[in-house]
Amino acid sequence: MQKLVVREGDLVTIQVTLTEPPVGAVLTPPLPFPLQGSAGFRVEGHVACVPGDIESLRIEGVPYVVPPAFPVPGAGTVELKVPKRNRAQYARTTQGKEVVVDGGPLELVFTPTKAASILNPPAEDTEKEYEGTAVLTCVRARPVTAGPAT
């Protein structure tokens, strides 16, 4: 099965609802943001992405709430992970790094840095991290795919 190669300029959109530890959180996500590539080769004139291009991103100061328990917003940091299904085993850089492909959502970890809260009685969210997903949007004038040679 062939998949689109992720390249610079492709977009990542953070999904608003995070999965729950005991209760889920809701983010106020930043707008979709474009990726930067560093694979060392181009796909349709744009540099392809390796997992480190995505996993090194840290989006800080993202507001969140935990409805209905903690309606006063807190803030935190979003980090992304590239799961195995998004790593091309057959497409690698000359240094042997796997290329990222669009194999489904990316994994997201949200770490609160300022806890969401309630005012009366005063209380704060005590979760250390939440998990969720982010969606890749591969912008193409025409499809470009990578797959095993036949």
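No value in this document is a laboratory result; all are computed from the given coordinates. Remember, it's a predicted structure, so these values are computed and weren't measured experimentally. Virtual Cβ from ideal backbone geometry, glycine too; neighbours counted across all protein chains shown.
Calculate, in nm to one decimal, what T28 and T93 gain on full extension: separation in residues at 0.36 nm each, minus their alpha carbon distance.
Answer, rounded to one decimal: 19.8 nm.
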Theoretical ellipticity at 222 nm over the chain - DSSP helices of four or more residues, -39500 (n - 2.57) apiece, nearest 500: -500 deg cm²/dmol
Label-to-label distance, nm, for residues given as T113 and L11 (7 Å Cα→Cβ offset): 2.5 nm
Cα-based Lys pair tally, the chain, threshold under 19 Å, eight or more apart or on separate chains: 7
Label-point separation in nm, A75 to T137, each point 7 Å along Cα→Cβ: 2.5 nm
Relative contact order %, the range 31-150, counting alpha carbon pairs below 8 Å whose residues are six or more apart: 22 percent
Bins of 10 Å from zero: percent of alpha-carbon pairs in the chain: 11, 38, 26, 16, 7, 2, 0
